[in-house]
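Note sheet for the following structure.
The values are calculated or read from the model by the stated rules, or taken from the named source; none is laboratory data. Keep in mind that this is a model prediction, so the values were computed, not measured. Note that each Cβ is placed from the backbone with ideal geometry, even for glycine, and that neighbours are counted across all protein chains shown. What goes into the accessible areas is simple: the full protein's heavy atoms, side chains included, and nothing from ligands, DNA or RNA. Shrake-Rupley method; radii C 1.70, N 1.55, O 1.52, S 1.80 Å.
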Amino acid sequence: MFGSVETRGGDGIGGAVTDEGSGVVLRVAGEADLDTAAELFRGYLDFYEVTATDPAAPREFLAERIAKGESLVLLADAPGVPGTVGFAQVYQAFSSLSLRTAWILNDLYVAPAGRRTGAGRALLREVLRRAREAGVAGVQLETAYDNHIAQGLYESEGFVREEFHVYFHDLG
């Protein structure tokens, strides 16, 4: 689970790390960041047109993941933009083909005010840095077919589109 190498901060104060290229400050979300993270998570859900029937559900979901060490949640603050502008959430998985741990970058979102600041790229690079440090086999992600901006970002950072078809069976 996420609790040792994966959640350790970088070279900054209080576990924060600054992306050299953009000046974006990244930190691991903790209990004190739940309201901020939940607000961004709701923006992410809105982007994908998912409505939470209970307005408290996104915060509760994040709180449980963080408390149980089931996910790594990173937050991004961009210079010149008030407030926290982006978040990424990573889950641990296993790769049977490589016989190693893998990570799933399940959620990456930057609020409209923080777009074009480098926050998305900084979050992505920090996930990759932490994954390398943790010795995982690789990082997997998915995005919408029509999200060309995100696809361009991922490919520019070395992600390769897989030739597998992804299936999902909704169990309600």
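Our estimate of slack between GLU60 and GLU162, defined as 0.36 nm per intervening residue step minus the Cα-Cα distance, is 33.4 nm.
Placing dummy labels 7 Å off each Cα toward the beta-carbon, the span from SER98 to ASP46 is 3.6 nm. Given a 1.4 Å probe and the protein chains as shown, HIS165 ends up with an accessible area of around 150 Å². Helical runs (DSSP H, four residues minimum) scored at -39500 (n - 2.57) apiece and divided by the length of the chain put the mean residue ellipticity at 222 nm at -9000 deg cm²/dmol. Here each label is just a point 7 Å from Cα along the line to Cβ, and for LEU153 and ALA137 those points are 2.6 nm apart. Pick out which of ALA52, ALA63, ALA37 has the largest mean-square fluctuation in a Gaussian network model of the chain, springs linking Cα atoms closer than 10 Å. Highest fluctuation among the options: ALA52.
The residues of region 73-125 expose on average 46 square angstrom of accessible surface per residue, using a 1.4 Å probe on protein heavy atoms. Across region 79-172, the relative contact order, built from alpha-carbon pairs under 8 Å that are at least six residues apart, equals 25 percent. Taking all protein chains together and rolling a 1.4 Å probe, THR36 ends up with roughly 50 Å² accessible.
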